[in-house]
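Trainee: Next up is a structure, given as structure tokens.
The values are calculated or read from the model by the stated rules, or taken from the named source; none is laboratory data. Predicted model, so just to flag it, every value in this text is computed and none were measured. Quick reminder, even Gly has a Cβ in these numbers, built from the backbone with ideal geometry, and neighbours come from all protein chains shown.
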Amino acid sequence: MQHSVKSWVLSLVLLAGGDEVRAQLKADPASVDLGRQKQEQTVSTEVKLTNPGATPVVITATTADCSCTVAKPERDHLAPGESTLLRLSVKTQSYQGALRRVVRVQTSAGELTIPIDLTVIAYEHWTVLPATIVMPPGQRGSESLTHATLNYTGEGKAGLGKLTSTPDYIEVTTATQDGRKFDLTFKKRPDAPGGNHSIKVTLETTDTVDPRVSIHVFLPNAADSSGKADAAGDSPAPKVALRVIPTPIVLPTVTVDPRSVREITLQGWTSKAEPRLTLNRGQVKLLSRQAGEMHYEVSLTPAMPGPFNGVLRVFDGERLLFESVVILRAEPQASGK
């Protein structure tokens, strides 16, 4: 019994000593809020790192979850009670909307994480939600709709004037009740040609700081597969009701070279034959099939940093039945500390 008590006390002492060894650096502030920042800017700030323990701490590395973020300490070795500045910089690039980046400070005493929040804006007084506008995939000859919200953040109220679409494959209407929040409706014209189109919508405003606001809309438009003869001139192709979930297909952001993967579901397939799915510069793998619902793995391996818009196509033999947009952003490889 006496031996057990001694062992228990010794364990407490060792545990207390271990906690002291693993004492973390303290960051002031513990998290960073960079507020609203415009695109294509480099935003810098500083965080104070302090060693509150009784033993020296060595900073061995600083990393971030995105190559757009860099963290550099002024000093690597901190004696007990000493502090140093960690200089942070974030490139907003062409991002839009709320972002969170995480910096990790690896030390001889453990790892410290510092979250960084910011909202990237394209305009000083205007924000668009969602930041990426993708029209629902449709077919030539049919109409499709989607919606977005344009918010005015300047002083007082603002109004919208002339709206133009280039090319003019979609029509845009607006509605507001308070001069601050504008509901936008994007309607695809039935005569829009087949293909995948990047459309620029320009809105004139009464705001003197941002008199014009441009919104980019991605429009996927498949060839009409209902009621037209197939390539061999045989009977008209049957009208199909297919769905790909999710639509659009947004792949996880990765750095150059690693593969980005996401599972999707194809619903409404009634043919006994297997559908043929293609993805430009990507791969599609069948995972399972259950009563008209098929599950696939979609993957892309980016060769260079930047945005990529691809198209997933569903064929019955050689007949195109459906198209869905695939969106991926690739980051440059980290250059190290």
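Trainee: Give segment 56-72 a look and list any residue that's closer than 18 Å to Thr42 by Cα and not β-branched (Val, Ile, Thr), or say none.
Mentor: Within segment 56-72, the subset closer than 18 Å to Thr42 by Cα is 63-72.
Ala64, Asp65, Cys66, Ser67, Cys68, Ala71, Lys72 - these are the residues of segment 56-72 that are closer than 18 Å to Thr42 by Cα and not β-branched (Val, Ile, Thr).
Trainee: A follow-up question, please. For segment 59-86, what are the residues that are within 13 Å of Val103 (Cβ to Cβ) and either touching a helix residue (DSSP H, G or I) at 6+ places or on another chain (Cβ under 8 Å) or hydroxyl-bearing (Ser, Thr, Tyr) (or both)?
Mentor: Of segment 59-86, the ones within 13 Å of Val103 (Cβ to Cβ) are 59, 61-73, 86.
Of everything in segment 59-86, those that are within 13 Å of Val103 (Cβ to Cβ) and either touching a helix residue (DSSP H, G or I) at 6+ places or on another chain (Cβ under 8 Å) or hydroxyl-bearing (Ser, Thr, Tyr) (or both) turn out to be Thr62, Thr63, Ser67, Thr69.
Trainee: Take Arg104 and tell me if it is basic (Lys, Arg) and assigned by TED's automatic domain parsing to the domain that holds Thr62.
Mentor: Numbers: basic (Lys, Arg): yes; assigned by TED's automatic domain parsing to the domain that holds Thr62: yes.
The answer is yes for Arg104.
Trainee: Here is a follow-up. So which residues in segment 137-163 are surrounded by fewer than 13 Cβ atoms within 10 Å (Cβ to Cβ), in a strand (DSSP E or B) and more than 24 Å from the chain's Cα centre (by Cα)?
Mentor: Gly161, Lys162
Trainee: Let me ask you something else. Just checking, how many residues over segment 73-84 are in contact with a Pro (Cβ under 9 Å, 6 or more places away or on another chain) and farther than 28 Å from Gln41 by Cβ?
Mentor: Within segment 73-84, the first condition is being in contact with a Pro (Cβ under 9 Å, 6 or more places away or on another chain), and the residues that meet it are 77-82, 84.
Cutting the leftovers down to farther than 28 Å from Gln41 by Cβ gives us 77-82.
Number of matching residues: 6.
Trainee: Across segment 211-228, which residue is farthest from Tyr123 (Cα to Cα) among those that are modelled with pLDDT under 60 and surrounded by 16 or more Cβ atoms within 10 Å (Cβ to Cβ)?
Mentor: Taking the candidates together, the pick is Ser225.
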